[in-house]
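Everything below concerns the one structure shown next.
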Amino acid sequence: MRTFLQLALFLAITAGPAVAETARSPDWSLLTAGGDTLQLSDEVRRQPVLLFFWATWCPYCKALMPHLQSIRLEYGGRVNILAVHFRDDNDPVAFVNDAGYDFTVLPGGDDIAKLYGIWATPGILIVDADMTVRFDLRKLPERELPTSDKPPSHGRKAAYRAPYWAAEIRKALDAVLAGK
């Protein structure tokens, strides 16, 4: 058992970003919250795009959003964060505005999520200028919380995982921006 745990720890430490180098992104268009048509292929020509599939009710999304805002501020115009809202009837624009985030909100993203096979929140993909999906959050190894007497809540798990996810997103963005 000890050898298995050592091997698992080694693999977790040495694993690179969750990259799917051969996955191609479909091209699609969707209306922004402001009513403009956004075409993915046009966006990735300007800079890499981070697609954030989310819902207002999702504790993992809520925990990750401050980290994404930090990434947006850190990377500035070198990356575009598109917040694709799906599986939710609440008002995504009010949620984002009330929280002070300045992502591009794309309401009604259920069909876009289906194109990528994303059924759960949060979903994060990074798409480069060649329409290659360079990062997929679903491919990251799962990080379990330290053991406790009681099962952790979704909020606690979200707070534990969000910084790890943000660090991996940054690694992937750095690689994309460096042309690797």
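The values are calculated or read from the model by the stated rules, or taken from the named source; none is laboratory data. What you are looking at is a predicted structure, and each value in this text was computed from that prediction instead of being measured. Cβ: placed from backbone, ideal geometry, glycine included. Neighbour counts: every protein chain shown. For the accessible areas, the whole protein counts, side chains as well, though only heavy atoms, and no ligand, DNA or RNA atoms are used. Shrake-Rupley method; radii C 1.70, N 1.55, O 1.52, S 1.80 Å.
Observations
- Alpha carbon centroid spacing (whole Å) that separates region 63-90 from region 157-171: 13 Å
- On Cα atoms only, tilt of 59-75 relative to the major axis of the chain in degrees: 70 degrees
- Solvent-accessible surface of the chain, averaged per residue with a 1.4 angstrom probe and all protein chains in place: 53 square angstrom.
- Label-point gap, in nm, between Asp42 and Arg138 - each point 7 angstrom along Cα→Cβ: 2.8 nm
- Note, ³J(HN,Hα) from phi for region 98-106, Karplus 6.51, -1.76, 1.60, rounded to Hz, x at Gly and Pro: 4, 7, x, 8, 10, 6, 7, 8, 10
- Computed 3J(HN,Hα) for region 78-89, one whole-Hz value per residue from the Karplus formula 6.51 cos²θ - 1.76 cosθ + 1.60 where θ = phi - 60°, is 8, 8, 10, 9, 10, 8, 8, 8, 8, 6, 7, 9, glycine and proline marked x.
- Excluding same-chain neighbours fewer than eight residues apart, the lysines reachable from Lys114 by a Cα-Cα span under 23 Å are Lys62, Lys139.
- Taking all Cα pairs closer than 8 Å and separated by 6 or more residues, the relative contact order of region 33-180 comes to 31 percent.
- Between 0 and 90°, nearest 10: helix 2-14 axis offset from the chain longest Cα axis: 30 degrees
- Helical content of the chain, expressed as a calculated mean residue ellipticity at 222 nm, amounts to -13500 deg cm²/dmol (DSSP H runs of 4 or more residues, -39,500 (n - 2.57) each, divided by residue number, nearest 500).
- Sorting Arg24, Arg87, Arg170 by solvent-accessible area of protein heavy atoms yields Arg24, Arg87, Arg170, largest first, with a 1.4 Å probe.
- Whole-Hz couplings from phi, Karplus 6.51/-1.76/1.60, listed for region 141-157; x for Gly and Pro: x, 6, 9, 8, 6, x, 5, 8, 6, 10, x, x, 6, 4, x, 5, 4
- The largest accessible area among His67, His85, His154 belongs to the first residue in His154, His67, His85, and the rest follow in falling order (1.4 Å probe, all chains).
- Excluding same-chain neighbours fewer than eight residues apart, the aspartates and glutamates reachable from Lys180 by a Cα-Cα span under 19 Å are Glu21, Asp128, Asp130, Asp136, Glu168.
- Amide hydrogen neighbours beyond the local backbone of Phe135, cut-off 5 Å, H modeled: Ala20, Ile126
- Amide H within-cut-off set for Ala33, under 5 Å, with H built and near neighbours excluded: Val105
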